[in-house]
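Participant: Structure incoming, see below.
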Amino acid sequence: MHNYECLIFDLFNTLIVDEGMAEREKYRMDSIYTILEKSLYPVKFNELSLKYAKMIEHSAESQASTGWCFAPFYQVEYLLNLLNAHDLIVFKKVYDVFIDAILQICPEPIHNAQKALEELKDRGKRIGLISNTGKTPGIMLRIMLKEIGLFKYFDDMVFSDETGYLKPDSRIFQTAIERLGAKKEETIYIGDMKGCDYDGAMLAGLGAHLFDRKQEDIYNVVLTYSGGY
């Protein structure tokens, strides 16, 4: 039994479950295709699919080689450069649908996520969030969290597109600690990925719990690290 004063969470597969990723990618692709077609940038859908896949590949390679977040803004810029679509109005329209997709096909809180966060608030704990952002910037993830009722519980949120750092970089954990006004020895990080979450938190000097939503209830995990029943 532990009694940490500050609990920081990963987002995807820790507090929310996302069954709509494939549908969201289809929404992005269909929307981008329509924008390009209406803006007189004719492109075959197969070509768009290939360029989109190239953008994803480039994003992953860039992040792996530099350790820095390849933010959604630059993902869209890279994609449109591949398509020779250099119009600023087109860029804005594509960027808007690219980042808005998370609100069109919204994830849901995992079982007992709200109950767990409510419990921590009642106990006076500081609550933080650290998330790598992928195709959705932090600003849209905040709006999504408002939509599903979880935003109000957090004292601070740290997103990779805003800091530049990606988990497991210790600097993103340090940023969260500093902004929460917490001490490392009084903080635990809860996430579902061993490398990014568990190992990253441990290397940064925090406590860590590797969460498995199929085997554990987040409410019980929270009780374990906040003083018990």
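The values are calculated or read from the model by the stated rules, or taken from the named source; none is laboratory data. All figures in this text were calculated on a predicted structure; none of them were measured in a lab. Note that we place each Cβ from the backbone using ideal geometry, even for glycine, and neighbour counts take in every protein chain shown.
Participant: Test each condition in (1) more than 26 Å from Lys183 (Cβ to Cβ); (2) in the same structural domain as Gly200 (by TED's automatic domain parsing); (3) in contact (Cβ under 8 Å) with a residue 12 or more places away in the chain for Arg123 and report the one that comes out false.
Facilitator: (1)
Participant: For Lys51, indicate whether it is closer than 27 Å to Ile110 by Cα and free of Cβ contacts under 8 Å to residues at least 60 places away in the same chain.
Facilitator: no
Participant: Identify the single condition in (1) under 13 Å from the mean Cα position of the chain (by Cα); (2) buried (at least 19 other Cβ atoms within 10 Å of the Cβ) that Ile139 does not satisfy, given that it satisfies every other one.
Facilitator: Answer for Ile139: the failing condition is (2).
Participant: State which residue is nearest to Leu7 (Cα to Cα) when the search covers only segment 190-217 and only residues that are among the charged types (D, E, K, R) and part of a helix (DSSP H, G or I).
Facilitator: Looking at the filtered set, the residue picked out is Asp197.
Participant: Condition test on Arg123, is it in contact with a strand residue (DSSP E or B) (Cβ under 6 Å, 6 or more places away or on another chain), among the basic types (Lys, Arg) and over 17 Å from Leu206 (Cβ atoms)?
Facilitator: When the stated conditions are applied, Arg123 passes them.
Participant: Step by step: first the residues of segment 208-226, then only those that are touching a helix residue (DSSP H, G or I) at 6+ places or on another chain (Cβ under 7 Å) and without any contact (Cβ under 8 Å) to a residue 24 or more places away in the chain, then the one that is surrounded by the fewest Cβ atoms within 10 Å (Cβ to Cβ). Which residue is that?
Facilitator: Once the filter is applied, the top-ranked residue is Leu210.
Participant: Within segment 140-194, which residues are over 21 Å from Pro107 (Cβ atoms) and basic (Lys, Arg)?
Facilitator: Arg171, Arg179, Lys183, Lys184, Lys194
Participant: Tell me the residue from Val94, Val158 that is part of a helix (DSSP H, G or I) and hydrophobic (A, V, I, L, M, F, W, C), please.
Facilitator: From the options Val94, Val158, the qualifying one is Val94.
Participant: Hey, does segment 1-16 have a residue that's in contact with a Ser or Thr (Cβ under 7 Å, 6 or more places away or on another chain), over 24 Å from Lys146 (Cβ atoms) and modelled with pLDDT of 95 or more?
Facilitator: Scanning segment 1-16 turns up at least one residue that is in contact with a Ser or Thr (Cβ under 7 Å, 6 or more places away or on another chain), over 24 Å from Lys146 (Cβ atoms) and modelled with pLDDT of 95 or more.
Participant: Would you mind telling me which numbered condition in (1) touching a Leu at 6+ places or on another chain (Cβ under 6 Å); (2) at pLDDT 95 or above; (3) not in a helix (DSSP H, G or I) Val43 fails?
Facilitator: (2)
Participant: Tyr33: in a helix (DSSP H, G or I), aromatic (Phe, Trp, Tyr) and either assigned by TED's automatic domain parsing to the domain that holds Gly138 or surrounded by 13 or more Cβ atoms within 10 Å (Cβ to Cβ) (or both), yes or no?
Facilitator: Yes: the conditions hold for Tyr33.
Participant: Another question, then. Those residues that are surrounded by fewer than 19 Cβ atoms within 10 Å (Cβ to Cβ), of a type outside the set (Lys, Arg) and within 18 Å of Gly227 (Cβ to Cβ), I need them from segment 179-207; list them, please.
Facilitator: Within segment 179-207, Glu185, Glu186 qualify.
Participant: Just wondering, is there one or more residues in segment 115-122 that are small (Gly, Ala, Ser) and crowded, with 19+ Cβ neighbours inside 10 Å?
Facilitator: yes
Participant: Please list, ordered by first then second residue, the pairs with beta carbon atoms under 9 Å, 6 or more apart or interchain, first in segment 103-119 and under 24 Å from Arg24 (Cα atoms), second in a helix (DSSP H, G or I) and among the acidic types (Asp, Glu).
Facilitator: Once the first residue is under 24 Å from Arg24 (Cα atoms) and sits in segment 103-119, its partners that are in a helix (DSSP H, G or I) and among the acidic types (Asp, Glu) give Leu103/Glu147; Gln104/Glu23; Ile105/Glu23; Cys106/Glu147.
Participant: Next question. Does at least one position in segment 75-89 carry a residue that is in a helix (DSSP H, G or I) and either loosely packed, with under 12 Cβ neighbours inside 10 Å or at pLDDT below 95 (or both)?
Facilitator: Yes, because at least one residue in segment 75-89 is in a helix (DSSP H, G or I) and either loosely packed, with under 12 Cβ neighbours inside 10 Å or at pLDDT below 95 (or both).
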